[in-house]
Amino acid sequence: MEGKQLEDPISWEPDQPASRGATEYHNAVIGAPYYIESLGEFGNFAKNKIKENDLVIDFGAGTGVSTLELLKKINLHFKVWLIDNSASWLGKAYELFKGNPNIKCFLLQKKENRYSTLAETIGKERANDVISANTMHLIPNLKDTFKGIYDSLKPDGNFIFQSSNIDREDREKGVMMIDNCINRVHELSLEIIRTEKKFEKYKMDLDKRIEIAKALRKFIFPDARMLEVYIEYLKEVGFKKPYSYYKAFKVKYADFLKFLKVKALQVGILPEVGGKDATPEEINDRDEIVTSAAHMMFKEFKENNARADDQSFTSESVYISTVKSA
Ligand SMILES: C[S@@+](CC[C@H](N)C(=O)[O-])C[C@H]1O[C@@H](n2cnc3c(N)ncnc32)[C@H](O)[C@@H]1O
């Protein structure tokens, strides 16, 4: 007997235009070869798993760049549902794909002290594949998120994700995670505040403010977890056959600087100046400090890093796939 066709859950539509921060991020990464190459590799990896007529979930779809790159790589008919917990980021993706009958957006609802899981949002055993790019390293309650993804998948469903902030014991010296760079820019920014007269107004109680700002800094750029942690949690929620590999990419200094100049990210790079509610003057100063710190870091790379050259440094992305057993 044919199974009954399940109705699609009601999808999300924004009630305001995409935020400036989301648009700024989108523009900084969509033209950056290192970001697009890493997603292109991800698309190739996913291509081996996704089949005609699949329902694919892009978890942490953000402004839609990962979905765009997936669609470029896979020449099949399939549906994509974009999931995110941020209305302002997903709003940008909604604008991009509006009118495409195969694409829908869903916003994870905030519950008391967590976001609803994927299975709570789209239902159990609905998806053929869940993909996720540049997102898993941001999620604090990783195991609950993995469980929600597991429950949302049909038997034999694939979970495939990628991040350039997954740490590995054997990462080659000189090959950076993006977070290593963010932390170095933070350190150099503090050095600038401590030594440059122009920014001495931010010197007062700096040590105390570093302590207070840490939670916000680590919320936007959490400490990287080891690859083994991801593998262990995947197995603990029931996923089988976890497989991982990594690939290095050249990151042009000019492209990385555009990323570092996204104002919404600067809140997390140097929250000691202005925090979340910075004044226009603090926003300008923060940008100037972060930009100088970035140039100092690039100089260090050029002088001391064997995997860097005059134009670029090297960063790596880690790719993981796993399946829900039948
Ligand atoms: C760096 S962006 C990646 C966007 C897109 N996948 C790409 O590769 O360009 C990370 C996204 O993860 C989302 N995110 C962060 N924490 C999340 C969570 N707990 N659940 C779902 N999405 C989350 C953010 O709102 C953001 O849109």
Residues of the chain: accessible area per residue with a 1.4 Å probe, Å² | 50
Which GluC sites (Glu not before Pro) in the range 1-76 pass both tests, a DSSP loop state and at most 10 other beta-carbon atoms within 10 Å?
-> Glu2, Glu7, Glu52
In the chain, what percent of the accessible surface is made up of carbon and sulfur (1.4 Å probe, ligands and nucleic acids excluded)?
-> 50
Alpha carbon centroid spacing (whole Å) that separates the range 3-80 from the range 149-165 = 14
So, counting K/R as plus one and D/E as minus one, what does the shell of residues with Cβ under 15 Å around Ile36 add up to?
-> +2
Cβ-placed point charges (K, R +1; D, E -1), dipole of the chain about Cα centre in debye, nearest 20 | 300
Please quote Rg/Rh for the range 234-326 to two decimal places, taking the Kirkwood radius as Rh and restricting both calculations to Cα atoms.
-> 1.17
Cβ-Cβ cut-off under 11 Å around Glu232, Lys and Arg +1, Asp and Glu -1: the net charge is +1
Low-density loop cleavage sites - trypsin sites (Lys or Arg not before Pro) in the range 53-144, where at most 10 other Cβ are within 10 Å (DSSP) = Lys111
Can you tell which of Val229, Pro271, Phe298 lies farthest toward the positive end of the dipole of the range 218-298, using +1 and -1 charges on the Cβ of basic and acidic side chains (Lys, Arg; Asp, Glu)?
-> Val229
Segment Ile231-Glu288, extension gain: residue separation times 0.36 nm, minus the distance between their alpha carbons = 16.5 nm
Chain lengthening between Leu216 and Glu95 when straightened (0.36 nm per residue, less Cα-Cα) = 40.7 nm
Of Ala87, Ala294, Ala278, which has the largest mean-square fluctuation in a 10 Å C-alpha GNM of the chain?
-> Ala278
Local electrostatic count at Asp167 - Lys and Arg +1, Asp and Glu -1, tallied over other residues with Cβ under 12 Å = -3
Which of the GluC sites (Glu not before Pro) across the range 138-229 are loop residues per DSSP, with 10 or fewer other Cβ within 10 Å?
-> Glu169
For the range 239-278, what number results from the quotient of the Cα radius of gyration and 2.2 N^0.38 Å?
-> 1.86
If one builds a Gaussian network model of the chain from Cα atoms under 10 Å apart, the most fluctuating residue listed among Thr279, Thr291, Thr117 is Thr279
Using a 10 angstrom cutoff on alpha carbons, build the Gaussian network for the chain and name the most mobile of Gly123, Gly148, Gly99.
-> Gly99
Which whole-Hz couplings ³J(HN,Hα) result when phi for each residue of the range 135-142 is put into the Karplus expression 6.51 cos²θ - 1.76 cosθ + 1.60, θ = phi - 60°, listed in order with x for Gly and Pro?
-> 10, 4, 5, 8, 8, x, 8, 4
Among Lys154/Lys218; Lys92/Lys258; Lys49/Lys235; Lys261/Lys302, the pairs whose Cα-Cα distance exceeds 23 Å are Lys154/Lys218
Would you be so kind as to identify which of Thr63, Ala119, Trp81 lies farthest towards the positive end of the dipole of the range 1-143, taking Lys and Arg as +1 and Asp and Glu as -1 on Cβ and the Cα centre as origin?
-> Ala119
If you average over every viewing direction, what projected area does the convex hull of the Cα atoms of the chain give, in nm²?
-> 17.9
Taking the simple approach of a point 7 Å from Cα along Cα-to-Cβ for both Ser325 and Asp156, what is their distance in nm?
-> 1.7
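The values are calculated or read from the model by the stated rules, or taken from the named source; none is laboratory data. Small disclaimer: the values here were computed from a predicted structure and weren't measured. Methodologically, a virtual Cβ is constructed for each residue, glycine included, from the backbone with ideal geometry; neighbour enumeration extends over all protein chains shown. All accessible areas refer to the heavy atoms of the entire protein, side chains included, with ligands and DNA or RNA removed. Shrake-Rupley method; radii C 1.70, N 1.55, O 1.52, S 1.80 Å.
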